[in-house]
Amino acid sequence: EQKQLSRLRKLPSMTTDGRRIGLFANLELPREVENAIQAGAAGVGLLRTEFLYMNRPTLPSEDEQYETLREIVEGMNGRPVTIRTLDIGNDKLAPALKDLMVETANPALGLRAIRLSLRHRDLLDAQLGAMLRAGAHGPVRILLPMISAVSEVKQTRAALEQVAKRLKKRGVKIADPLPPLGIMIEIPGAALAADALAQCSDFFAIGSNDLTMYTLAIDRGEEQVAHLYNPLHPAVLRLIQFATEAALRGRIPISVCGEIAGDPKFAPLLLGLGIQELSMAVGNIPRLKQRIRGLDFAAAARCARIIMEQTDSGRIAMLLDDFNALAT
Ligand code: PEP
Ligand code: MG
């Protein structure tokens, strides 16, 4: 099996009818870089930066963050690294940020992720500065979590330009040109406003985990309602479809980086909807590649069309299972 996997690494990630699909890695820790390379990742589609803030009493400086990010960028050896700004709050917490967080009745709907970063500009500036500097050592893209409005993208882009100017003035080497600035589509309102967001963003990354949670009002960590958590709910699929079509219309790249991207079962549907980049836990890359190499894109597109006409998620799951059983 080891042999088969290493052979697979060298083969292109392409459907039987020649559509290329980019397979990227989701990283939570720097030490996963080696595995990502081993697995044949085309790059990092999502670097969760929360690790920089974990297990420590104080906030990391820009310098400190830069050193760590640079190692990751260098480790990926010319492959693009998509670095997400801090996504703290609700399910993700860190003691160093305790003083910035406020007690709130609904943490999932509160001051978190990009909202927290924009509230505490020193925090955001340190992140952006570190990313800009790491971008001098290899291709970097900057990704913003929990975006709900165009204004948040514009504010962050202004901050990025300001930080870049300041660093340049000091003679610090940074990415040139500035890295692409993209956003997570993980709030239903963002998916529905995808046309406007595509005008001010350089790429989209669909976070199906949170998109499912917020669309269905099911806490992703709540056991009592876990049976209702379903990314195959027609509402979630319509939002994915709408955001994908908006990205195509706006001519910006779009990827999926939630859990469904790493499950081969969903591949025909996501590809069929027009997704060409998937980002997943490193361990899932080989089986996704295997699945894609067995898929006919035209058939997947037909399957997706039929699925998008359905009203019942049980029926959708069955159609997808049937298609996968036929096509493997
Ligand atoms: C998501 O929400 O789908 C996602 C990829 O981000 P995270 O799981 O880190 O919230
Ligand atoms: Mg998320």
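Among the candidates Arg251, Arg287, which residue alone is closer than 23 Å to Gln4 by Cβ and basic (Lys, Arg)?
On the way: Arg251 fails: closer than 23 Å to Gln4 by Cβ.
Exactly one residue qualifies, and that residue is Arg287.
How many residues, within segment 26-73, are among the polar types (S, T, N, Q), loosely packed, with under 14 Cβ neighbours inside 10 Å and closer than 20 Å to Asp125 by Cα? Before you say what the answer is, go through the steps one by one.
In the first step, residues of segment 26-73 are kept if they are among the polar types (S, T, N, Q); the result is 26, 35, 38, 49, 55, 58, 61, 65, 68.
From what's left, loosely packed, with under 14 Cβ neighbours inside 10 Å: 55, 58, 61.
Next, only the ones that are closer than 20 Å to Asp125 by Cα stay: 58, 61.
Residues meeting the conditions: 2.
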Scan segment 230-239 and give yes if some residue there is touching a residue at least 60 places away in the same chain (Cβ under 8 Å), in a helix (DSSP H, G or I), buried (at least 22 other Cβ atoms within 10 Å of the Cβ) and more than 16 Å from ligand 1 (Cβ to nearest atom), otherwise no. no
Residues in segment 105-158 that are among the small types (Gly, Ala, Ser) and touching a residue at least 40 places away in the same chain (Cβ under 8 Å): how many? 10
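Suppose the filter is within 29 Å of Arg31 (Cα to Cα) and either out of contact with any helix residue (DSSP H, G or I) (no Cβ under 9 Å at 6 or more places or on another chain) or of a type in the set (Asp, Glu) (or both); does Glu152 pass it? Quick ask: steps written out before the conclusion?
Numbers: within 29 Å of Arg31 (Cα to Cα): no; either out of contact with any helix residue (DSSP H, G or I) (no Cβ under 9 Å at 6 or more places or on another chain) or of a type in the set (Asp, Glu) (or both): yes.
Spelling it out, it is not the case that Glu152 is within 29 Å of Arg31 (Cα to Cα) and either out of contact with any helix residue (DSSP H, G or I) (no Cβ under 9 Å at 6 or more places or on another chain) or of a type in the set (Asp, Glu) (or both).
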All conditions in (1) within 24 Å of Pro107 (Cα to Cα); (2) surrounded by fewer than 23 Cβ atoms within 10 Å (Cβ to Cβ) are true of Gly258 except (2)
Out of segment 211-250, which residues are within 18 Å of the chain's Cα centre (by Cα) and not hydrophobic (A, V, I, L, M, F, W, C)? Thr212, Tyr214, Thr215, Arg220, Pro231, Gln241, Thr244, Glu245
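Restricting attention to segment 66-105, which residues are closer than 23 Å to Met280 by Cα, more than 15 Å from ligand 1 (Cβ to nearest atom) and either small (Gly, Ala, Ser) or in a helix (DSSP H, G or I) (or both)?
Initially, segment 66-105 is screened for residues closer than 23 Å to Met280 by Cα, giving 68-93.
If we keep only those that are more than 15 Å from ligand 1 (Cβ to nearest atom) too, we end up with 68-81.
Thr68, Leu69, Arg70, Glu71, Ile72, Val73, Glu74, Gly75, Gly78, listed by residue number.
Values in this text are rule-based calculations from the coordinates and carry no lab data. What you see is a predicted model; the values in this text were computed from it and never measured. No Cβ is skipped: glycine too gets one built from the backbone with ideal geometry, and neighbour counts run over all protein chains shown.
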